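Report on the structure given below.
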Amino acid sequence: MGNSNLYKGSLTTIILKLLEEHHKMYGYEITQKVKELTKGELKITEGALYPSLHKLEAEGLLDVEVTKVDNRLRKYYKLTEQGTKETVNKLSELQEYIKTMQALVNPKFVVK
Amino acid sequence: MQRLSRENIQFIDNYLKNSDVLFTDIRVEMVDHVASDMEALMNEGDSREFYYIFKDYMIKNKSGLLKDNKQYYKASDKKILRSLTKKVCSFKGVTLFFLILFIFNFINEFSFVKNAPIVVIILIGILYFFSVNKNKERYSSVERITFYFMIIYYIINVFKITNFNYETVIIMNLTRLKIVSALIIFVLIMLFITGFEFKKEYELKYK
C-alpha cells in the first residue's frame, strides 16, 4: 500500500460502509473484503481494525452477535439503527473531503 | 477447505492467554482471526504441520495482534460511561437518587453521613469482586469498572485524609454533606448495576 496514513482517518467510514452493504461481517472478513475491493492496495491490520470496531460498538453504532463456527466462537458486527444513520453522515463527510482534496491537488478537474 | 481442529483452536487460545490476552471478549476475536488467517494459508497450499505454520504466523503478526489488547480500555471506558449516563438519567436512576437522599433526610448524625460512602464502597467493592470472580472467564468492561471504583475510593480518601475534607468543602453544612454522600452512593450503585449487567450480557454472548 502506498501510504497507510492517508487511509487512517477513513477507517471507520470504510467499516460502516462495508457493514451497510453486507448486513453482518466478522473482523477477518472485513480485512479480506477491503483487500479484495482495493486489489491489495489497502491492507487493514488487526491492530487498527479491532480497536476501531470496539470503539464503534462502544459508541452504539454497531451491535455484536457471537456464533459458534468451525470449532470456535466468531464475533459478527452489524449496524444499529444509529449506526445506519451515522453511515450516511460519514459517507457524505468523506465525499466532501474527497471533493476538497480534488480541488486542491487538481483544480482543473472539479467533481460536481 | 481445510479447517483447524478443536485442539488447534485450544492451542491458539492458550497461547494468547499466556501472552496476557486475559479477557475472553477480546481473545475470542483474536483466536478467530488467527485461525481464519492460518486456514487461508493452508488452503493456499501451506502443507506444513499446524505448529510450524502457527510459529511463523506469530513471529510475523504477534505485535500487531496484541496491539488491540492494550487498547481495550478506551472502548471499555466509552461503553461504561455511555451505559452509566443512560442509567443515571433514567426515571429509575433519578428515583433511586431521591430515595437515597430521602433516607439521609432521617439521619442527622454528621459522622454517619460523612462515613456512609466509604462503608458503601467497601461493601459494594467486596460484593463486586466476588461476583466478578465467580467464574474463570474475565471480560474487559466488567473488570474496567473496578478502575472507576478505585477512582471514587481515592477521591473519598483524599477528602478524608487532607485538610481539604468534607467539612471544609461543605462548610459544616449537614444538608450539603447529605447531598454529596447520596450522590457518591448513587454513582456506586449505578456502577455496580452496570458491571453486573455487562457480566450477564457477556456470559450470554460468550457461553
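Tally up the residues in region B:1-20 that are assigned to a loop (DSSP other than H, G, I, E, B) and surrounded by fewer than 22 Cβ atoms within 10 Å (Cβ to Cβ), please.
Step one: filter region B:1-20 for residues assigned to a loop (DSSP other than H, G, I, E, B), giving B:1-5, B:19-20.
Then drop every residue that is not surrounded by fewer than 22 Cβ atoms within 10 Å (Cβ to Cβ), which leaves B:1-3, B:5, B:19-20.
Qualifying residue count for the region: 6.
Residue A:63 fails exactly one of the following numbered conditions: (1) in contact (Cβ under 8 Å) with a residue 12 or more places away in the chain; (2) in a helix (DSSP H, G or I); (3) within 12 Å of chain B (Cβ to nearest Cβ); (4) of a type outside the set (Ser, Thr, Tyr). What is the number of that condition?
The single condition residue A:63 does not satisfy is (2).
Return a yes/no flag: does region B:118-128 have any residue that is out of contact with any His (no Cβ under 8 Å at 6 or more places or on another chain), closer than 21 Å to residue B:174 by Cα, without any contact (Cβ under 8 Å) to a residue 60 or more places away in the chain and not acidic (Asp, Glu). I'd like the intermediate steps shown before the answer.
At the first step, the residues of region B:118-128 found to be out of contact with any His (no Cβ under 8 Å at 6 or more places or on another chain) are B:118-128.
Within this subset, residues satisfying the condition of being closer than 21 Å to residue B:174 by Cα are B:118-121.
Then keep just the ones that are without any contact (Cβ under 8 Å) to a residue 60 or more places away in the chain; that gives B:118-119.
Going one step further and asking which of them are not acidic (Asp, Glu), we end up with B:118-119.
Yes: region B:118-128 contains one or more residues that are out of contact with any His (no Cβ under 8 Å at 6 or more places or on another chain), closer than 21 Å to residue B:174 by Cα, without any contact (Cβ under 8 Å) to a residue 60 or more places away in the chain and not acidic (Asp, Glu).
Is there a residue being at pLDDT below 90 and surrounded by 12 or more Cβ atoms within 10 Å (Cβ to Cβ) anywhere in region A:8-20?
First, the residues of region A:8-20 that are at pLDDT below 90: A:8-10.
Filter once more, so that each one left must be surrounded by 12 or more Cβ atoms within 10 Å (Cβ to Cβ): A:10.
Among the residues of region A:8-20, at least one is at pLDDT below 90 and surrounded by 12 or more Cβ atoms within 10 Å (Cβ to Cβ), which makes the answer yes.
Please specify each residue of region B:47-65 satisfying the condition of being loosely packed, with under 15 Cβ neighbours inside 10 Å and not aromatic (Phe, Trp, Tyr).
Once the filter is applied, which keeps residues that are loosely packed, with under 15 Cβ neighbours inside 10 Å and not aromatic (Phe, Trp, Tyr), region B:47-65 yields B:47, B:48, B:49, B:55, B:56, B:59, B:60, B:62, B:63, B:64.
Going through region A:36-50 one residue at a time, which ones are at the interface with chain B (Cβ under 7 Å from one of its Cβ atoms) and at pLDDT 90 or above? Give the steps one after another, and end with the answer.
Initially, region A:36-50 is screened for residues at the interface with chain B (Cβ under 7 Å from one of its Cβ atoms), giving A:45-47, A:50.
Within region A:36-50, just A:50 meets the criteria.
Here is a check on your reading of the model: is residue B:96 out of contact with any Leu (no Cβ under 8 Å at 6 or more places or on another chain), outside any helix (DSSP H, G or I) and within 30 Å of residue B:152 (Cβ to Cβ)? Give the steps one after another, and end with the answer.
On the way: out of contact with any Leu (no Cβ under 8 Å at 6 or more places or on another chain): yes; outside any helix (DSSP H, G or I): no; within 30 Å of residue B:152 (Cβ to Cβ): yes.
When the stated conditions are applied, residue B:96 does not pass them.
Please determine, by comparing only the residues of region B:25-44 that are assigned to a helix (DSSP H, G or I) and more than 10 Å from every other protein chain (Cβ to nearest Cβ), which one is surrounded by the most Cβ atoms within 10 Å (Cβ to Cβ).
Taking region B:25-44 first, the residues assigned to a helix (DSSP H, G or I) are B:25-43.
Now drop any that are not more than 10 Å from every other protein chain (Cβ to nearest Cβ), which leaves B:38, B:41-43.
Details: B:38: 20, B:41: 15, B:42: 17, B:43: 11.
Among residues in region B:25-44 that are assigned to a helix (DSSP H, G or I) and more than 10 Å from every other protein chain (Cβ to nearest Cβ), the one surrounded by the most Cβ atoms within 10 Å (Cβ to Cβ) is B:38.
Restricted to region B:78-91, and to residues that are free of Cβ contacts under 8 Å to residues at least 60 places away in the same chain and surrounded by 12 or more Cβ atoms within 10 Å (Cβ to Cβ), which residue is nearest to residue A:55 (Cα to Cα)? Reasoning before the result, please.
Initially, region B:78-91 is screened for residues free of Cβ contacts under 8 Å to residues at least 60 places away in the same chain, giving B:78, B:81-82, B:85-86, B:89-91.
Subset that is surrounded by 12 or more Cβ atoms within 10 Å (Cβ to Cβ): B:78, B:81-82, B:85-86, B:90.
Numbers: B:78: 8, B:81: 13, B:82: 12, B:85: 17, B:86: 18, B:90: 24 Å.
Residue satisfying both the conditions and the ranking: B:78.
Please state which of the following conditions residue B:101 fails to meet, knowing it meets all the rest: (1) surrounded by 16 or more Cβ atoms within 10 Å (Cβ to Cβ); (2) facing chain A (nearest Cβ under 9 Å); (3) part of a helix (DSSP H, G or I).
Failing condition for residue B:101: (2).
Hey, among the residues in region A:69-107 that are among the basic types (Lys, Arg) and farther than 20 Å from residue A:30 by Cβ, which one's modelled with the highest pLDDT?
Here is the first cut: in region A:69-107, the ones among the basic types (Lys, Arg) are A:72, A:74-75, A:78, A:85, A:90, A:99.
In the following step, the residues that additionally are farther than 20 Å from residue A:30 by Cβ were identified as A:85, A:99.
Working: A:85: 95, A:99: 88.
Of everything passing the filter in region A:69-107, A:85 is modelled with the highest pLDDT.
For residues that are among the polar types (S, T, N, Q), at pLDDT 85 or above and farther than 30 Å from residue B:13 by Cβ, tally how many sit in region B:56-115.
5
Being on the phi > 0 side of the Ramachandran plot and surrounded by 13 or more Cβ atoms within 10 Å (Cβ to Cβ), is that true of even one residue in region A:62-69? Explain how you work it out, then say what you get.
So the first thing to find is which residues in region A:62-69 are on the phi > 0 side of the Ramachandran plot, and the list is none.
No, region A:62-69 contains no residue that is on the phi > 0 side of the Ramachandran plot and surrounded by 13 or more Cβ atoms within 10 Å (Cβ to Cβ).
Among residues belonging to region A:21-35 that are surrounded by 15 or more Cβ atoms within 10 Å (Cβ to Cβ) and not in a helix (DSSP H, G or I), point out the one that is farthest from the other protein chains (Cβ to nearest Cβ). First the steps, then the outcome.
Pass one, region A:21-35, residues surrounded by 15 or more Cβ atoms within 10 Å (Cβ to Cβ): A:24-35.
Retained after the next criterion (residues that are not in a helix (DSSP H, G or I)): A:24-26.
Details: A:24: 14, A:25: 12, A:26: 7 Å.
Of everything passing the filter in region A:21-35, A:24 is farthest from the other protein chains (Cβ to nearest Cβ).
The values are calculated or read from the model by the stated rules, or taken from the named source; none is laboratory data. Just so you know, these numbers come straight off a predicted model, no measurement behind them. Note that we place each Cβ from the backbone using ideal geometry, even for glycine, and neighbour counts take in every protein chain shown.
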